[in-house]
Each structure stands twice: as structure tokens, then as C-alpha cells.
1. T36 - would you say it is in contact (Cβ under 8 Å) with a residue 24 or more places away in the chain, surrounded by 16 or more Cβ atoms within 10 Å (Cβ to Cβ), under 25 Å from D77 (Cα atoms) and in contact with a Leu (Cβ under 6 Å, 6 or more places away or on another chain)?
2. What's the number of the only condition in (1) modelled with pLDDT of 90 or more; (2) part of a strand (DSSP E or B) that Q21 fails to meet?
3. May I ask you to say which residue of K44, K48, K70 is in a loop (DSSP other than H, G, I, E, B) and of a type in the set (D, E, K, R)?
4. If you go through segment 33-41 one residue at a time, do you hit one that is closer than 19 Å to V11 by Cβ, assigned to a loop (DSSP other than H, G, I, E, B) and either within 14 Å of the chain's Cα centre (by Cα) or among the small types (G, A, S) (or both)?
5. Between a first residue in segment 14-30 that is crowded, with 16+ Cβ neighbours inside 10 Å and a second residue that is of a type in the set (F, W, Y), which pairs have beta carbons less than 6 Å apart while being 6 or more apart in sequence or on different chains?
6. From the list L72, L50, L66, which one is surrounded by fewer than 16 Cβ atoms within 10 Å (Cβ to Cβ) and modelled with pLDDT of 95 or more?
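The values are calculated or read from the model by the stated rules, or taken from the named source; none is laboratory data. Only a predicted model underlies this, so the values are computations on that prediction, with no experimental measurement involved. Cβ placement follows ideal geometry from the backbone for every residue including glycine, while neighbour counts extend to all protein chains displayed.
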Amino acid sequence: MNIKDFKESNVIIAEDQPEYQNLPSHRTSDNDGMVTSCWSLSLKEMLKILWTGCVWVQILTFNTSLQPLKVLVDKPDFEELGKRGRPPKRTTPPGPQNPPRPPNHRPVGAGWVN
């Protein structure tokens, strides 16, 4: 899977963290703080999903509570989500400063993919 930029993105996750890839995202400015990113599939990945009907999701939690997660195939209606512009830039990145690295995984944005 590859990270895909999209016109409604209003924040770059991990922008100032060289150990991670940038993750263009749309973040709502309401209390939910919903973050949406877009990923594109290779032909091989599309065929595998068609054949198996499965998508696996791995999330680094750093042994904290798992946040609600939703995997979509349809693009969300960003106007309905209440797009209100770019959120304020953080002075320090969220999460641990030196997160543990799982073996054989490449970190990407707020998570990682194989």
C-alpha cells in the first residue's frame, strides 16, 4: 500500500519526524479530532483482497488504549465532517519520542505498513 495525497488534506502527520514517512491527512477541528488518510493499492494487493476478501490492520498502541478505527472504501464527505481549516501546528510530536520498533516493519505516519 502507498500513501496517497488528496485535495482535502489539511495536515501532514509526522511532518517533523524524519524516522516516519509523511502522512497527508484530513483532521476535523471538532472534539472528535477525526483523522482520515488515503491509501492506494497495487494491482497485486487488489487481486489478493478480491481473492481473500480480507484486509488486515495493525496499529501501534504503545500499550495504551486502542482508539476507535474505521476502514472505508468510499471517500468520506469532508464538508459533512466539518472541515474548518488547518489545525494548529504542534510544538512537539504526539506519542512517545522514541517509540519501540517492531521487527521487519517500516514505520509510516501514525502507524506502519508492510
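1. So T36 does not fit the description; no.
2. Failed condition: (2).
3. Answer to the check: K70.
4. Checked against the condition, which is being closer than 19 Å to V11 by Cβ, assigned to a loop (DSSP other than H, G, I, E, B) and either within 14 Å of the chain's Cα centre (by Cα) or among the small types (G, A, S) (or both), segment 33-41 yields at least one hit.
5. Correct list of pairs: A14/Y20; H26/F78.
6. From the options L72, L50, L66, the qualifying one is L50.
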